[in-house]
Amino acid sequence: MKRLGILLSGRGSNFLAIHQALRSGQIADAEIAVVLSNKADAPGLTAARALGLPAFHIPIAGRTPEQRDLAFVAKLQEYAVDLVCLAGYLRLLSPAFIAAFPQRILNIHPSLLPSFPGLDAQQQALEYGAKITGCTVHFVDEQLDHGVIVLERAVPVEDDDTPDTLAARILAEEHKAYPEAIARVLSGDYQVTGRRFLKR
Ligand code: GRF
């Protein structure tokens, strides 16, 4: 049984999609071991507690990024986590965090990387005039929204889209993409060649 650690800062809809995929068996032989947040009032943390999952706020005030990340790592190790899933966790991870879980941290980003990294990716796509955008699940490395891509799903941009309508259309794909990517990674049935995530 593989053990997932979820990090979130907000709503937590991707976390809930992962939870549902575990329940339905779409992601097999795995469970959520712990949910962590840098925000005490993150709705995702409340939702995790309501589901009976171990869920903790890791305070960041007065801590350096390294101290903060070591507190996260300690909690993830305490719960014997195999794979870390960032699900709307709005902080860059320090090198020490990444070194503690090499090629074992995933993130989801609401654009087709390498287009539109960083905040407000949906608005960036609209303002750029992109006709297709989407979402990307990737391994986390030390650069923002940069690591090896596990999978991407495309979403059309409609003429009457606002950032909110576009974000909602992308989010529906995120909820499919993240469980699918986790299942692929947990299967171990892949190899990484350069930047390419390939089936074995
Ligand atoms: C998603 O759009 C995700 O791609 C981005 O942050 C948002 C998190 O949403 N990284 P939720 O908290 O999972 O609902």
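Readers should treat all values here as calculations from the given coordinates under stated rules, not as data from a laboratory. Source: prediction; values computed, not measured. All Cβ positions, even for glycine, are placed from backbone atoms using ideal geometry, and neighbour counts span all protein chains on display.
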* If you place +1 on the Cβ of every Lys and Arg and -1 on the Cβ of every Asp and Glu, how big does the dipole about the Cα centre of the stretch 107-200 come out, in debye to the nearest 20? -> 680 debye
* To do: For the stretch 32-135, count the residues as N, evaluate 2.2 N^0.38 Å, and divide the Cα radius of gyration by that value, please.
  => 1.21
* For residue 30, which sequence-distant residues (separation of 5 or more, or a different chain) have an amide H within less than 5 Å of its own amide H, given hydrogens modelled in the peptide plane? -> 2
* Separation of alpha-carbon centers, the stretch 167-200 and the stretch 1-40, rounded to whole Å -> 15 Å
* Asked: Taking amide hydrogens as modeled 1.01 Å from N in the peptide plane, which residues meet the under 5 Å criterion relative to residue 151, leaving out close sequence neighbours?
  -> 137
* Asked: Could you work out the helix-only [θ] at 222 nm for the chain, with each DSSP H run of four or more residues adding -39,500 (n - 2.57) and the total divided by the number of residues, to the nearest 500 deg cm²/dmol?
  -> -11500 deg cm²/dmol
* To do: Step through the residues of the stretch 93-102 one at a time and calculate ³J(HN,Hα) from phi using the Karplus curve (6.51 cos²θ - 1.76 cosθ + 1.60, θ = phi - 60°), rounding each to whole Hz and writing x for Gly and Pro.
  => 7, 6, x, 5, 5, 5, 5, 6, 9, x
